[in-house]
Structure formats: C-alpha cells, structure tokens
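Here's the structure we're looking at; comments come further down.
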Amino acid sequence: MLGDRGGLFLLFFDLDNTLLDFKAAESEGIGAVYAALRPRLELDREAFHTAWEKVGEEHFHCYLRGESTFIQQRDRARAIAALAG
C-alpha cells in the first residue's frame, strides 16, 4: 500500500484467535479426522486431541527453529495417521 506521500504502509492482521477463531476451527478439524480414523484408533477423542496437539507443537517448534520447512509440516499429518496404524 502506498501512503499519500509515496511512502509504504504495512497493514498487519493477527489472524490466530483475533480475526479467525483458530482453536474452534482446529477442534472441528480434529473432530473430523478423529471420526474418519476412529475405527482404527485405540484412543478416545480426548486422548486423540491431546496427541494431535503434542505432535503439532513438536513439528511447529522444529519449523520455527529452522529444522524443517513449511512443506515438511505434512510430516505432522503422517505422525497423526501413525496413531491409527
């Protein structure tokens, strides 16, 4: 965006839990994945949710430390799927 004097302005939106209810969206997504994997899981929904969050945190911190790329975040999904064998 250009300002009225030709300078640049930066407009920043904090989406997570400000403009977007991330926790509700994540919870709904976890529920959908749980429902799809349920026949193969030995975990109840709460334990699955906890495992999802743990795996997510581990992979996200690896990304923040530069140990994995954004694309490699798909490994997080593989780790979740591994819970179902």
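The values are calculated or read from the model by the stated rules, or taken from the named source; none is laboratory data. What you are looking at is a predicted structure, and each value in this text was computed from that prediction instead of being measured. Every residue, glycine among them, receives a Cβ derived from its backbone with ideal geometry; neighbour counts consider all protein chains shown. Ligands, DNA and RNA are stripped out before the accessible areas are found, and what is left, the full protein with its side chains, is counted by its heavy atoms. Shrake-Rupley method; radii C 1.70, N 1.55, O 1.52, S 1.80 Å.
Within the stretch 68-81, can you find the residues that are open to solvent by less than 40 Å² (accessible area, probe 1.4 Å) and β-branched (V, I, T)?
I80
Give the residue, chosen from A47, A51, A84, that is among the aliphatic types (A, V, I, L, M) and either under 14 Å from the mean Cα position of the chain (by Cα) or exposed (fewer than 12 other Cβ atoms within 10 Å of the Cβ) (or both).
A51
Specify the residue that is modelled with the highest pLDDT; the eligible residues are those in the stretch 1-44 that are among the acidic types (D, E) and open to solvent by less than 100 Å² (accessible area, probe 1.4 Å). Lay out the reasoning, then the answer.
Step one: of the stretch 1-44, the residues among the acidic types (D, E) are 4, 14, 16, 21, 26, 28, 42, 44.
Adding the requirement that they be open to solvent by less than 100 Å² (accessible area, probe 1.4 Å) leaves 14, 16, 21, 26, 44.
Working: D14: 71, D16: 71, D21: 86, E26: 87, D44: 91.
Of everything passing the filter in the stretch 1-44, D44 is modelled with the highest pLDDT.
Suppose we keep only residues that are touching a Phe, Trp or Tyr at 6+ places or on another chain (Cβ under 9 Å) and part of a helix (DSSP H, G or I) within the stretch 46-85. Which one would you say is modelled with the lowest pLDDT?
Q73
Does R65 fit the bill of being open to solvent by 60 Å² or more (accessible area, probe 1.4 Å), over 18 Å from E26 (Cβ atoms) and touching a residue at least 12 places away in the same chain (Cβ under 8 Å)?
On the way: open to solvent by 60 Å² or more (accessible area, probe 1.4 Å): yes; over 18 Å from E26 (Cβ atoms): yes; touching a residue at least 12 places away in the same chain (Cβ under 8 Å): no.
Against the criterion (open to solvent by 60 Å² or more (accessible area, probe 1.4 Å), over 18 Å from E26 (Cβ atoms) and touching a residue at least 12 places away in the same chain (Cβ under 8 Å)), R65 does not qualify.
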